[in-house]
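Accompanying notes for the structure given below.
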Amino acid sequence: MAGNISSTAVPTTSSLFKLQSLNGLFAIHKKQGPTSADVLNTLKEALLKEAGVQKPNPRKRRKQSLKMGHGGTLDSAASGVLVVGVGNGTKMLGTMLTGSKKYVAVGELGKATDTLDATGSVILEKDFEHITRSDIEEKLKSFTGDIMQVPPLYSALKKDGQRLSVLLKKGHKVEAKPARPVTVYNLTLQEFKPPLFTLDIECGGGFYVRSLVDDLGKALSSCAHVKKLIRTKQGGFTLEEHALHEGQWTLEHILRSLQPCSESEQGVDCTKPSEADT
């Protein structure tokens, strides 16, 4: 689907009708800081305001005037591609985003945190001077292919209907989820300037970059955490070519970039964000 909107004023009913008629997928750029859910609500609010809706409440689930969801949570500390489904496009999220995802991750050796990234508190410090570039490259081989991975405690995974990260912040005791199979298609070391190292990662769904970096630090007889994380590809959408930045969160830009639903699309409704990734 593609189209242009006249620069002249459009009646509210016409703009809202066009917005509610959208069906498909598009990608936005999630900046570092807000949660994926917060970003989605900001997007919905901007679009509803543009359509002339007075005091839109994007968090209100009943009688939604705009059906929208995202396919794959990005940590609040991460940035990059976030694929959004609108209308019947929410049914496509589960089937179209089962392909690989790509990340660029900057890790820091010598410090481990409780969240496995830079937002957490340092819980362990160890020497890292013994680690060489070849050491990292050799260890990365064991994290490539079909592997078993334990998800982080601070994650979107749930216990009794509540996210583990929320339970931990409330002071509840949380046990780690059991290791589960994940797939790493490609894993390369791009840069090594101790204590920092940069990884290029291509993986399947359910994979946590934070767990990878934590496990890698342990395998190197040290410790590590994620200092910076960018998702550069999700499904068929890339950060460079497809992601709309916040200034482009308008009906006009979405119409230009929307990947429409096919009439035969019968995917699973994924208006609820998936509990995976990063």
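The values are calculated or read from the model by the stated rules, or taken from the named source; none is laboratory data. The model shown is predicted, which means the values in this text are computed figures rather than measured ones. Note: ideal-geometry Cβ built from the backbone for every residue, glycine included; neighbour counts use all protein chains shown. These accessible areas exclude ligands, DNA and RNA; they are computed on the full protein's heavy atoms, side chains included. Shrake-Rupley method; radii C 1.70, N 1.55, O 1.52, S 1.80 Å.
Elements of the type strands (runs of 3 or more DSSP E) sitting completely within the stretch 61-149 and holding at least 2 residues that are open to solvent by less than 30 Å² (accessible area, probe 1.4 Å) and β-branched (Val, Ile, Thr): these cover 79-86.
Considered as a group, the residues in the stretch 93-127 that are among the β-branched types (Val, Ile, Thr) and under 30 Å from Gly24 (Cβ atoms) include one that is modelled with the highest pLDDT, and that residue is Val104. In the stretch 189-211, of all residues being under 17 Å from the mean Cα position of the chain (by Cα) and hydroxyl-bearing (Ser, Thr, Tyr), the one that is nearest to Lys102 (Cα to Cα) corresponds to Tyr208.
Against the criterion of being surrounded by 16 or more Cβ atoms within 10 Å (Cβ to Cβ), in contact (Cβ under 8 Å) with a residue 12 or more places away in the chain, under 30 Å from His130 (Cα atoms) and basic (Lys, Arg), Lys227 qualifies.
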